[in-house]
Amino acid sequence: MTKKLLTGNEAVARGFWQAGGKVVSAYPGTPSTEITENAAHYAELYAEWAPNEKVALEVALGAAVGGARSMAAMKHVGLNVAADPLFTAAYTGINAGLVIISADDPGMHSSQNEQDNRHYALAAKIPCLEPSDSAEALAFTELALDLSEEFDTPVLLRLTTRVSHGQSTVELSKRTEQSIKPYVRDIQKYVMAPAGARPRHAVLEKRMLELSAYAEKTEVNRLELRDKAIGIVCSGAAYQYVREALPQASVFKLGLVNPLPKQRLCDFSAAVEKLYVVEELDAFYEQQLKSWGIKCCGKELFSLLGEIFPPQIKTAITKQDTILHEETPNLPPRPPVLCAGCPHRATFTAIKKLKAPVMGDIGCYTLAAGPPLSAIDTTVCMGASVTMSHGLAKAQENAKVKPLSVLGESTFIHSGITGLINAVYNQAQITVVILDNSITAMTGHQHNPASGYNVRSLPAPVLDLAALSKACGVEYVKTVNPFDQKALTAALKGAQEFVGPAVIISKYPCILLPYVKRDKPLFVDWEICVGCKVCLSIGCPALSLKGTKTVIDSSQCTGCALCAGLCAKKAIYGRDNK
Amino acid sequence: MSSITNIMIAGVGGQGTILAGRIISLLALKATYDVKVSEVHGMSQRGGSVLTQVRYGDEVHSPIIDPGEVDILLAFEKLEALRMLPLLKPLGRMIVNSQEIPPLPVLNGSMIYPADIDQRLQTFSGSLSLLNAYELALQAGNDKAVNTVLLGKLSQNMAFSLSDWHQAISAAVKPQFEELNLRAFDLGAAYDD
Ligand SMILES: Cc1ncc(C[n+]2csc(CCOP(=O)(O)OP(=O)(O)O)c2C)c(N)n1
């Protein structure tokens with residue numbers, strides 16, 4: 001056996017491989033993305049990027065029904081998209097094991113909300129495991145597949161950012177091959193029309209009772225009896241924080257977080273003097289404990305918001321005052337920015353001139369919401385740009401300008417396309433701008449159906465976004481290079497004047513892609529620069545103000561010349577062109 | 001808990017903080033310590049502040065360093081060093097790249113980059129090494145080697161042997177960058193302040 005330092009995500013991929021897994025389907029999303037990237041490195045596994053999480057879960061379900069151990073991985077909000085198959089897969093059950101990974105993001109390090117996906121396990125009535133470090137991430141992934149087969153149910157594995165992206169030591173084992181189970185046609189089990197679904201609901205309820213009994217005996221729910229003055233119920237990252245903060249306290253560590261081991265928790269509460277529940281986000285355990293009449297203390301002491309760290313646990317439970325150490329206040333913040341040379345910046349520069357409402361979406365381009373660009377009015381969920389501008393246009397019927405929808409190609413394929421079909425069908429007055437940078441950039445460069453490569457970077461068919469838009473019935477479709485500002489501005493103007501939905505594909509590859517050529521850096525001629533600061537309005541990190549004039553950082557400048565085009569005095573140019 | 005070493009690595013997205021964390025954790029693992037590392041990727045990669053935390057010792061639970069418990073701060077940028085200063089132990093150690101990378105609010109003139117960072121860092125009660133790792137990296141052959149220069153400086157007061165450092169670096173970087181990084185490390189390790 002070898003010991004290695006792995007991230008939780010690497011450990012999940014490893015656990016899936018060790019357990020004889022076969023099929024992985026996923027859509028990227030921080031902090032879950034590296035699970036699939038790592039799974040793709042194992043030759044025995046079939047891994048793919050799906051266009052969205054619903055597709056991913058259904059593919060994995062099909063593979064599980066087809067007899068192969070399977071996994072679907074996503075970030076927490078991805079499970080909203082995949083919720084439809086989730087709830088009914090709980091009815092049908094599986095054939096070979098199916099594990100669904102939900103990587104939650106308490107603290108919203110890179111998410112639009114911090115929903116607590118343990119609720120999904122409760123609502124869909126499926127078992128949920130929650131590891132607290134990488135070793136458990138590996139072991140629980142293996143266990144999830146075993147449980148899935150033992151109880152004939154999909155199993156949810158809930159991670160959080162700190163477990164997904166934290167590294168700790170893991171013992172590696174070999175792969176245990178699993179033979180593919182025969183596919184057996186079983187209409188009563190898999191056709192969930194009412195007649196078939198009613199008996200399956202009964203099966204589901206019976207299974208939950210069996211799982212509750214299992215929860216009472218499984219070793220992943222662990223009693224750690226130490227000083228009995230304080231007893232703490234916890235799981236996941238919070239378990240590590242509790243051990244750090246109060247090493248002497250007794251702990252009931254939950255590994256299986258749904259269904260809960262009611263009897264063992266009652267016994268624990270009786271064994272300790274004072275019972276606390278330390279859980280990030282919602283009062284998921286606390287409410288259930290209280291509903292059983294167990295007295296405990298949880299959200300009176302701990303926030304429903306964000307993460308809970310050891311100092312807060314110590315202060316809240318021991319009532320000791322601790323000195324607060326905070327980062328130095330009043331320093332300039334360092335927010336993430338669109339990179340120098342990013343094609344999105346060029347698109348927004350042209351869009352801003354339209355002075356139209358801009359319904360935004362989720363991707364690198366969301367960074368354009370911040371100053372100085374401030375070019376996006378809304379960001380809700382993937383695909384919502386297309387649909388919300390249609391709704392906005394219906395509400396603001398007498399507005400002079402069409403609202404814009406701005407979204408990346410990965411987001412368009414994920415869930416923008418249905419909105420576009422709706423826009424055509426219902427005669428929306430909107431302009432949809434697809435920012436096609438040939439990659440899913442925000443989550444760290446994953447391929448997608450429009451990029452021409454698959455998860456293993458092997459060539460794949462390229463989705464033609466213009467043809468797709470036309471096939472949906474959009475009559476005004478233009479593809480332009482955003483760095484050709486004249487062409488883009490003309491295309492946008494045409495789209496705004498066009499009656500009916502229009503689509504503009506603003507196409508230029510992400511500047512961070514290795515094959516993208518950079519031009520020579522530009523410089524500012526101080527003889528000509530009048531210090532008007534117009535060039536600074538695009539928020540390029542290569543440009544800064546030095547005294548009253550602008551300078552360009554040649555180590556960052558990619559020569560995209562967007563700033564040069566804005567300069568009325570023509571003070572920005574390349575060393576060679578004058 | 002004093003048997004645990006807490007190292008915080010602060011910098012700007014794209015500077016190679018994650019690699020520095022990986023090299024330190026490989027060394028700690030080889031020395032048979034229990035090791036935990038925490039980092040957050042995603043949004044913050046695009047030129048924002050980034051933080052990697054490495055903890056090692058006999059038994060480590062939390063991957064996160066409590067504020068005020070940082071033994072060593074490895075700061076890849078001066079403003080980021082100042083930001084993290086209050087999180088250090090009073091007798092902690094700070095290794096700071098004196099390079100200035102202005103954040104967006106400074107670039108566009110809406111805020112100013114503090115001019116007194118050096119003085120404010122000097123008030124630190126522990127030990128401070130301020131070096132121009134950017135220059136040293138260029139000297140080694142590439143500005144991308146800022147991280148290994150800083151690791152070289154860090155190595156001066158650590159229990160790991162020079163050959164272990166070299167091995168960990170060779171294991172963590174791509175073969176084509178091995179020589180560059182070893183050179184950069186040696187420059188940092190030889191730097192006297
Ligand atoms: C339902 C859902 N799944 C995944 C994510 C994570 N996520 C945020 S942005 C993004 C992709 C953005 O790609 P694209 O639209 O091509 O824009 P780019 O970042 O390349 O500019 C993803 C997958 C999410 N926020 N919501």
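The values are calculated or read from the model by the stated rules, or taken from the named source; none is laboratory data. Keep in mind the model is a prediction, meaning the values are calculated, not measured. Because the Cβ atoms are built from the backbone with ideal geometry, glycine has one as well, and the counts that use them run over all protein chains shown. Surface areas here come from the heavy atoms of the whole protein model, side chains and all, with no ligands, DNA or RNA. Shrake-Rupley method; radii C 1.70, N 1.55, O 1.52, S 1.80 Å.
For the stretch A:488-578, which chymotrypsin sites (Phe, Trp or Tyr not before Pro) are in a loop by DSSP, counting at most 11 other Cβ atoms within 10 Å? List each step's numbers first, then the result.
Details: sites: A:PHE498, A:TYR515, A:PHE523, A:TRP526, A:TYR573; in loops: A:PHE498, A:TYR515, A:TRP526.
Taking the stretch A:488-578 and a limit of 11 other Cβ atoms within 10 Å, the loop chymotrypsin sites (Phe, Trp or Tyr not before Pro) found are A:TYR515.
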(message) Am I reading the B/A interface right? What is its buried accessible area, both sides, 1.4 Å probe, to the nearest 100 Å²?
(response) 4400 Å²
(request) Describe numerically, in nm with one decimal, the distance between label points set 7 Å from Cα along Cα→Cβ at B:LYS30 and at B:GLU59. (result) 2.8 nm
(request) Give me the distance between the Cα centres of the stretch A:314-339 and the stretch B:131-158, rounded to whole Å. (result) 29 Å
(request) Kindly identify the stretch A:522-577 as rounded, prolate or oblate by the Cα gyration tensor criterion: order the square roots of the eigenvalues as a ≥ b ≥ c, call it rounded if a/c is under 1.5, otherwise compare a/b with b/c, prolate if a/b is larger, else oblate. (result) rounded
(request) Rounded to whole Hz and in sequence order, give me ³J(HN,Hα) for the stretch B:154-168 from the Karplus expression 6.51 cos²θ - 1.76 cosθ + 1.60, θ = phi - 60°, writing x for Gly and Pro. (result) 4, 4, 4, 10, 10, 7, 7, 6, 4, 5, 5, 4, 4, 4, 5
(message) With every protein chain left in place and a probe of 1.4 Å, what is the accessible surface of B:TYR134, to the nearest 10 Å²?
(response) 60 Å²
(request) Would you be so kind as to list the residues of the stretch A:203-241 that have their accessible area lowered by at least 40 Å² in the full protein complex compared with their chain by itself (1.4 Å probe)? (result) A:GLN240
(request) Quote to one decimal, in nm, the extra length available between A:GLU300 and A:THR328 on full extension: 0.36 nm per residue of separation minus the C-alpha distance between them. (result) 7.1 nm
(request) Give the distance, in whole Å, between the Cα centre of the stretch A:125-175 and the Cα centre of the stretch A:414-442. (result) 36 Å
(request) Name all residues of the stretch A:14-40 having a backbone nitrogen under 17 Å from the label point set 7 Å from the Cα of A:TYR453 along its Cα→Cβ direction, giving them as ranges. (result) A:28, A:34, A:36-40
(request) Kindly sort A:VAL499, A:VAL163 by accessible area of their heavy atoms, largest first, with the probe set to 1.4 Å. (result) A:VAL499, A:VAL163
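Using DSSP to call loops (not H, G, I, E or B), can you name the trypsin sites (Lys or Arg not before Pro) in the stretch A:474-559 whose Cβ has at most 16 other Cβ atoms within 10 angstrom?
Working: sites: A:LYS478, A:LYS486, A:LYS493, A:LYS507, A:LYS517, A:ARG518, A:LYS533, A:LYS546, A:LYS549; in loops: A:LYS517, A:ARG518, A:LYS533.
Loop-located and lightly packed - A:LYS517, A:ARG518, A:LYS533.
Once fully extended, how much extra length lies between A:ASP464 and A:LYS3, figured as 0.36 nm per residue of separation less the alpha-carbon to alpha-carbon distance?
On the way: separation 461, 0.36 × 461 = 165.96 nm, distance 4.62 nm.
Value of the extension gain: 161.3 nm.
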(request) Starting from the Cα of A:VAL516, move 7 Å in the Cα-to-Cβ direction to define the label point; list residues of the stretch A:356-387 whose amide nitrogen is under 15 Å from there. (result) A:363-368
(message) Just to be sure I follow the definition: excluding the sites themselves, where is the longest run in chain A that has none of the GluC sites (Glu not before Pro) in a DSSP loop with at most 15 other Cβ atoms within 10 Å?
(response) A:45-176
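What does the C-alpha gyration tensor say about the overall shape of the protein assembly as shown? Classify as rounded when a/c is under 1.5, otherwise prolate if a/b is larger than b/c, or oblate.
Note, shape of the protein assembly as shown comes out oblate.
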(message) Which positions within the stretch A:313-333 get 20 Å² or more of their accessible surface covered by the other protein chains, compared to the chain by itself, with a 1.4 angstrom probe?
(response) A:HIS325, A:GLU326, A:GLU327, A:THR328, A:LEU331, A:PRO332, A:PRO333
(message) Using a loss threshold of 30 Å², tell me which positions in the stretch A:105-144 are less accessible in the complex than in their chain alone. Probe radius 1.4 Å, ligands and nucleic acids ignored.
(response) A:HIS109, A:SER110
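Under a 1.4 Å probe, what is the accessible area of the stretch A:2-214 per residue, stated in Å²? It would help to have the intermediate numbers written out before the result.
Working: 7130 Å² over 213 residues.
Heavy-atom SASA per residue in the stretch A:2-214 reads 33 Å².
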(message) Rolling a 1.4 angstrom probe over the protein chains, ignoring ligands and nucleic acids, what is the accessible area of A:SER269 in square angstrom, nearest 10?
(response) 30 Å²
(request) Provide the gained length on full extension for the span A:LYS493 to A:LYS549, in nm with one decimal, where the gain is 0.36 nm per separating residue minus the Cα-Cα distance. (result) 16.9 nm
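Roughly how many percent of the accessible protein surface of the protein assembly as shown is carbon and sulfur, given a 1.4 Å probe and a whole-percent answer? Write down the numbers at each step before the final one.
Values: 17130 of 31060 Å².
Of the solvent-accessible surface of the protein assembly as shown, carbon and sulfur hold 55 percent.
Pairs of Cα atoms under 8 Å, at least six residues apart: use those to get the relative contact order of chain A, whole percent.
Numbers: 1252 pairs, mean separation 60.9, N = 578.
Contact order relative to length: 11 percent.
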(request) Report, in degrees rounded to the nearest 10, the 0 to 90 angle that the Cα long axis of helix A:485-497 makes with the longest principal axis of chain A. (result) 80 degrees
(message) Rounded, prolate or oblate for the stretch B:129-193? Axes are the square roots of the Cα gyration tensor eigenvalues, ordered a ≥ b ≥ c, and the cut-off for rounded is a/c under 1.5.
(response) oblate
(message) In whole Hz and in residue order, list the ³J(HN,Hα) couplings for the stretch A:460-472 that follow from phi through the Karplus curve 6.51 cos²θ - 1.76 cosθ + 1.60, θ = phi - 60°; x for Gly and Pro.
(response) 9, x, 9, 6, 8, 5, 5, 5, 5, 4, 5, 5, 6
(request) With a probe of 1.4 Å, find how much accessible area the stretch A:343-507 has per residue, and write the answer as a whole number in Å². (result) 40 Å²
